[in-house]
Amino acid sequence: MRRPGTPTDLGEELAPALRGIRAVVFDTDGVITDSARVHAAAWKTAFDAFLRAHPPDDPALRRPFDVRDDYLRHVDGKSRLDGAAAFLASRGLDTSDDTVRAVAADKERLFTERLRAHGVDAYPGTVRLVRALRRAQVPVAAASASRHAGELLDHAGVSDLFDVLVDGGEAARLRLPGKPRPDLFLEAVRRLGVPAARAAVVEDALAGVSAGRNGGFALVVGVDRAATGDSGDRLLHSGADIVVRDLAELVVAGETK
């Protein structure tokens, strides 16, 4: 009889989709931590204030920022500047460099205030999967367009679970283009020493899922936190191989498959 923890057992508690995967890169906001809601709320306050001060000519475009649809379509997974520019363009508003930077700075201030006042938590299902990967000796990285990624992981008490972190500050230093370009994820697996063709990406954002597909990763997992309407189908259409509502679904509970 084999004893638990021997090399033959490695990976047996992982779902079949992850068998043979040599490294996994996790997005931060909405995948590891519940900070996506804090980002969305900060964006809403910043964008709604701008819409009131600079209403679009078309009345149909004056509606407030929607924390689900607008956030997923224009902001989620992107850098602050790219997200601000994308939403302003969708409403036919000024996208000059000064305007985009001003709106992004307002959002940054609001997000920082909320983060430091209330903190964030890690998703238990994600922590369970990361621990299972570590037991299977699969290296894991966190990657995010946000400069706050390290602070978020520290707040949630999970920074020590990840072998590598590539955040927005590193992306800016290395001049990595934003999602849906795959460069952020490719840098993460490069640091883990594993080719993308043997690695997986876990993302909740449409742009991030597309980035995983564009990078040639062996597996792209979409996390459907919204679980409403066609949100899961949109992740699949953007390039996800599989979609789950909680990452604990990728851990086999109490049996070997």
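The values are calculated or read from the model by the stated rules, or taken from the named source; none is laboratory data. Here the structure is a predicted model, which is why all the values come from computation and not from measurement. So basically every Cβ, Gly included, is an ideal-geometry build from the backbone, and we count neighbours across all protein chains shown. The accessibility values were calculated without ligands, DNA or RNA, using every heavy atom of the protein model including side chains. Shrake-Rupley method; radii C 1.70, N 1.55, O 1.52, S 1.80 Å.
Test of understanding: among A145, A141, which residue is of a type in the set (A, V, I, L, M), in a loop (DSSP other than H, G, I, E, B) and within 18 Å of the chain's Cα centre (by Cα)?
On the way: A141 fails: in a loop (DSSP other than H, G, I, E, B).
Only one candidate passes the filter, namely A145.
Residues in segment 19-37 that are surrounded by fewer than 23 Cβ atoms within 10 Å (Cβ to Cβ), of a type outside the set (G, A, S) and out of contact with any strand residue (DSSP E or B) (no Cβ under 7 Å at 6 or more places or on another chain): 3 in all. Test L152 against the stated conditions and say whether it is open to solvent by less than 20 Å² (accessible area, probe 1.4 Å) and either within 15 Å of V202 (Cβ to Cβ) or among the aromatic types (F, W, Y) (or both). No. Selection of segment 68-117 for residues being of a type in the set (S, T, N, Q), modelled with pLDDT of 90 or more and touching a helix residue (DSSP H, G or I) at 6+ places or on another chain (Cβ under 8 Å) yields S90, T95, T99. Selection of segment 156-175 for residues being at pLDDT below 95, open to solvent by less than 40 Å² (accessible area, probe 1.4 Å) and aliphatic (A, V, I, L, M) yields A156, A171. If P139 satisfies all but one of (1) open to solvent by 50 Å² or more (accessible area, probe 1.4 Å); (2) more than 28 Å from R73 (Cα to Cα), what's the number of the condition it fails? The number of the failed condition is (1).
Return the residue satisfying two criteria in turn: it lies in segment 60-77 and is assigned to a loop (DSSP other than H, G, I, E, B) and either open to solvent by 60 Å² or more (accessible area, probe 1.4 Å) or free of Cβ contacts under 8 Å to residues at least 60 places away in the same chain (or both), and of such residues it is nearest to G212 (Cα to Cα).
Initial filter on segment 60-77 (assigned to a loop (DSSP other than H, G, I, E, B)): 62-68, 76-77.
From the residues that got through so far, the ones that are either open to solvent by 60 Å² or more (accessible area, probe 1.4 Å) or free of Cβ contacts under 8 Å to residues at least 60 places away in the same chain (or both) too are 62-68.
Values: R62: 34, R63: 32, P64: 31, F65: 27, D66: 26, V67: 24, R68: 22 Å.
Here the answer is R68.
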